[in-house]
């Protein structure tokens, strides 16, 4: 890369992750073919065992002069940790990485020129690999994001996904604000919606990251209550536009039904099951065609899982 390329601030958020896993994530940043970069590991460890995890992060800091470890002032989840990283960033661009995921070497070299080539783009993302560790050996599939997703596209579905793939101009946060810390989950999805309302988005066709799935019980995405609340909050924030678009309304209602159903199954709660059924009925009448497509997709997924013994 050229000597005058813009600085990228790389933010790795970490909560109770072993040193080896965080080290794998950090290594994937330090092996980027792009420079210059600065790396912030945001230490959000708290509660029992926090000191041991924090000690591991401090040891990783010693591996490179590019790396700084910053302790969050108060534990408030990944969104506060990401905001802490943004607040300390000095780069023209901010790129995020979850502590159990990896970047492929040409990630920044591919995405930065896309942003440099169009100042109207406020979010760059990419395709990637999903590593499902529920299988032995882990199963690898390709995750295909919606290319150049619009505000309307994102209200209808999260066609982008994890923060691990995002590179965002630092100035964008000055305009649209930081990650919403009131969200217990889906704050990344809400951020993509918010950015797309003011800026264009751009997706790369290249696979530039590895997202490790089912690597433990700590993933927020496995906590139905948090995901349910996240979708409810998205509806509250964008209700006016969602109510005007049948597909966007279906997206919210169906996800609420899905997470209510997950909670009912986990808790064996008939009252929650009834709420889920009523929401599924609402989703059907919102968009019968989309409901049937979702049903077909989920049945196929269940059959695949049964064949694979998961």
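The table for this structure:
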{"item": "Any hit, the range 77-98, residues being buried (at least 24 other Cβ atoms within 10 Å of the Cβ), touching a strand residue (DSSP E or B) at 6+ places or on another chain (Cβ under 9 Å) and in a loop (DSSP other than H, G, I, E, B)", "result": "no"}
{"item": "Any hit, the range 197-209, residues being closer than 20 Å to residue 17 by Cα, in contact with a helix residue (DSSP H, G or I) (Cβ under 6 Å, 6 or more places away or on another chain) and part of a strand (DSSP E or B)", "result": "yes"}
{"item": "Residue check for residue 249: under 30 Å from residue 116 (Cβ atoms), part of a helix (DSSP H, G or I) and modelled with pLDDT of 95 or more", "result": "no"}
{"item": "Hits in the range 1-28 - residues which are out of contact with any helix residue (DSSP H, G or I) (no Cβ under 8 Å at 6 or more places or on another chain) and either under 18 Å from residue 169 (Cα atoms) or at pLDDT below 95 (or both)", "result": "2, 3, 4, 7"}
{"item": "All positions within the range 223-249 that are surrounded by 15 or more Cβ atoms within 10 Å (Cβ to Cβ) and free of Cβ contacts under 8 Å to residues at least 24 places away in the same chain", "result": "235"}
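The values are calculated or read from the model by the stated rules, or taken from the named source; none is laboratory data. What you are looking at is a predicted structure, and each value in this text was computed from that prediction instead of being measured. No Cβ is skipped: glycine too gets one built from the backbone with ideal geometry, and neighbour counts run over all protein chains shown.
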